[in-house]
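Here is the structure we will look at.
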């Protein structure tokens, strides 16, 4: 039996214009503060989403996925917002495979996107 290890690569969708505008509107220090707080909140919400999925709490899963959308959009993390929107759509549904795949995609995109935002933010300093 041959086992193939599939490597899933997601292109990071980051609205760098939104992020740049945040820095222009708020100034360097305030924008960095907003981005840092948003990223911390994203990390917390992602942990809640993961735990809700593991414990089968679909209402909490849907609510937390919806919260991720607004936070991600605030700092231009379009990929996370899209994936969270998709998870929210299937959170209460009966298709457990879709829910699992969509969550895996959200976590994968989040990992790449959070790193990308840190890199972009470092360039602005």
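The values are calculated or read from the model by the stated rules, or taken from the named source; none is laboratory data. No experiment lies behind these values; they were computed from the predicted model shown. Note: ideal-geometry Cβ built from the backbone for every residue, glycine included; neighbour counts use all protein chains shown.
Structure summary
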item	result
Only one of 81, 104 that is part of a helix (DSSP H, G or I), within 14 Å of the chain's Cα centre (by Cα) and under 24 Å from residue 22 (Cβ atoms)	81
Meets criteria (on the phi < 0 side of the Ramachandran plot and either at pLDDT below 95 or not in a helix (DSSP H, G or I) (or both)) for residue 97	yes
Residues (surrounded by fewer than 18 Cβ atoms within 10 Å (Cβ to Cβ) and either touching a helix residue (DSSP H, G or I) at 6+ places or on another chain (Cβ under 6 Å) or within 22 Å of residue 112 (Cα to Cα) (or both)) located in region 24-47	32, 33, 34, 36, 37, 40, 41, 43, 44, 47
Residue list for region 13-23, restricted to those being surrounded by 19 or more Cβ atoms within 10 Å (Cβ to Cβ) and under 18 Å from residue 84 (Cα atoms)	14
Subset of region 2-23 that is at pLDDT 75 or above and in a loop (DSSP other than H, G, I, E, B) - its residue that is farthest from residue 113 (Cα to Cα)	2
